1. Consider residue 287 carefully, then state whether it is exposed (fewer than 13 other Cβ atoms within 10 Å of the Cβ) and either assigned to a helix (DSSP H, G or I) or modelled with pLDDT under 95 (or both).
2. Residues that are of a type in the set (Lys, Arg), at least 3 per element: which helices (runs of 4 or more DSSP H) completely within region 291-400 meet that?
3. If you take the residues in region 146-162 that are open to solvent by 20 Å² or more (accessible area, probe 1.4 Å) and not aliphatic (A, V, I, L, M), which one is nearest to the chain's Cα centre (by Cα)?
4. May I ask you to list pairs of residues, at least six apart or on different chains, whose Cβ atoms are under 6 Å apart, with the first in region 128-146 being touching a residue at least 24 places away in the same chain (Cβ under 8 Å) and the second being open to solvent by less than 90 Å² (accessible area, probe 1.4 Å) and in a helix (DSSP H, G or I)?
5. Being of a type in the set (A, V, I, L, M), open to solvent by 10 Å² or more (accessible area, probe 1.4 Å) and under 22 Å from residue 94 (Cα atoms) is the filter here, so list the residues in region 1-15 that pass it.
6. Mind listing just one residue for me: the one in region 343-356 that is free of Cβ contacts under 8 Å to residues at least 40 places away in the same chain and open to solvent by less than 60 Å² (accessible area, probe 1.4 Å) and, of those, nearest to residue 135 (Cα to Cα)?
7. Restricting attention to region 374-400, which residues are under 21 Å from residue 328 (Cβ atoms) and either free of Cβ contacts under 8 Å to residues at least 40 places away in the same chain or not basic (Lys, Arg) (or both)?
8. Would you confirm, using the coordinates I've provided, whether residue 295 is surrounded by fewer than 10 Cβ atoms within 10 Å (Cβ to Cβ) and basic (Lys, Arg)?
Amino acid sequence: MLKGKHIILGITGSIAAYKAAYLIRGLVKRGAEVQVVITPAGKEFITPLTLATLSSHPVISEFFSNRDGTWNSHVDLGLWADAMLIAPATASTIGKMANGIADNMLVTTYLSCKAPVFVAPAMDLDMFAHPTTRRNLERLRSFGNRIIEPAEGELASHLVGKGRMEEPDRIIEVLSDFFETRKDLAGKKVLITAGPTYERLDPVRFIGNYSSGKMGFALAEVCAERGAEVTLVAGPVALGISNPAIRRIDVESAEEMYQAAREAFPGSDAAILCAAVADYRPEQVAERKIKREEKGEMTLRLVPNQDIAASLGAMKREGQILVGFALETDDGVSHAESKLRRKNLDFIVLNSLRDPGAGFRCDTNKIAILDNAGTRTSFPLKSKREVASDIVDRLVTCLR
């Protein structure tokens, strides 16, 4: 799957840089063309001569190789690549990538790269566990970068813990899996709802929830990568999309999401209702900002919003697949099973706020999938992108 692929290999100043030689050898053996970009610190751990010999390309480290006006174009590199792999990625480089500090050729190339980016961290266990590193990695994930988690083992400090760069064979396997031709949703149209809804009280206040939209956006990206034409109906979120196969419709309220979903569903082969839709909205919306000094105590009268899942379930035709979500705090299985039946869903994804790392504002999730045959499949805590792949796998099975 790597034959003919252009891979930028970024190498940073870590003792794990010696593994880059094995990475290059393995990638080239599988037919990939490798261009090495190394930081100045990286050259202290492995020589450019070794890397150039293995890759059959001169190693790039500086913006200007000579004083004759020639320079290395990070823009051209970014356009050339089918993927960029930073391995090893130190805490320093991860921090620069997360915050756009383009003070070396590697980070500048990363910022110019339009291809998928894979990051293989390598550092001591305390550095990897530090809140700053965790925050930077979460930020890179939110940009769409794929993090190849380090392994546990003996580190350069002779301490034992998580921070050891993943082995070259496993990293190459990750890249190969990514490029594997799996267009099992080719020709399919998928509707996805994502994010929260905001129900206005007045021009400046609303009733809402903590949904970030990350799960729904991950589902949209995975469906598009696997060949689907995606309509993404998104509530108010601070997320972007990059795949041209995704048509995004931005809405604010539950009523707007309801109308957009009903309009898109008849032409869809499947719908995944991932949005955290408000069940209620204020009966009256003030035209002007409500003033505490004028209003005093206030009682809100709420009225039910339209039930999007039930509405689509009622209009679902033969052959269409409808997937729901259930985020619960208690009696999760019974609530999910009830929702599955009442709303005419084909399967439902259950997660619980009681599980650490699952639910709102997280980059991870822990789910179970329940279907009408009474089957319940539970999954461990994973990144939301990995969770999205698990859900789409089930969707493909249903569509078949």
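The values are calculated or read from the model by the stated rules, or taken from the named source; none is laboratory data. Computed from a predicted model, the values in this text were never measured in an experiment. Positions of Cβ are backbone-derived with ideal geometry, glycine not excepted, and every protein chain shown enters the neighbour counts. To get the accessible areas, we keep the full protein, side chains included, count just its heavy atoms, and leave off ligands, DNA and RNA. Shrake-Rupley method; radii C 1.70, N 1.55, O 1.52, S 1.80 Å.
1. In short, yes.
2. Details: elements: 292-295, 308-315, 332-342, 384-399.
The helices (runs of 4 or more DSSP H) meeting that bar are 332-342, 384-399.
3. It comes out as 146.
4. Once the first residue is touching a residue at least 24 places away in the same chain (Cβ under 8 Å) and sits in region 128-146, its partners that are open to solvent by less than 90 Å² (accessible area, probe 1.4 Å) and in a helix (DSSP H, G or I) give 133/91; 136/94; 136/95; 136/98; 139/98; 140/98.
5. Initial filter on region 1-15 (of a type in the set (A, V, I, L, M)): 1-2, 7-9, 11, 15.
From what is left, the residues that are open to solvent by 10 Å² or more (accessible area, probe 1.4 Å) are 1, 15.
15 - this is the single residue of region 1-15 that is of a type in the set (A, V, I, L, M), open to solvent by 10 Å² or more (accessible area, probe 1.4 Å) and under 22 Å from residue 94 (Cα atoms).
6. The residue in question is 355.
7. Within region 374-400, the first condition is being under 21 Å from residue 328 (Cβ atoms), and the residues that meet it are 374-382, 384, 387-388, 390-391, 394.
If the condition is that a residue be under 21 Å from residue 328 (Cβ atoms) and either free of Cβ contacts under 8 Å to residues at least 40 places away in the same chain or not basic (Lys, Arg) (or both), then 374, 375, 377, 378, 379, 380, 381, 382, 387, 388, 390, 391 are the ones that fit.
8. Numbers: surrounded by fewer than 10 Cβ atoms within 10 Å (Cβ to Cβ): yes; basic (Lys, Arg): yes.
Yes; evaluated as a whole, the condition is true for this residue.
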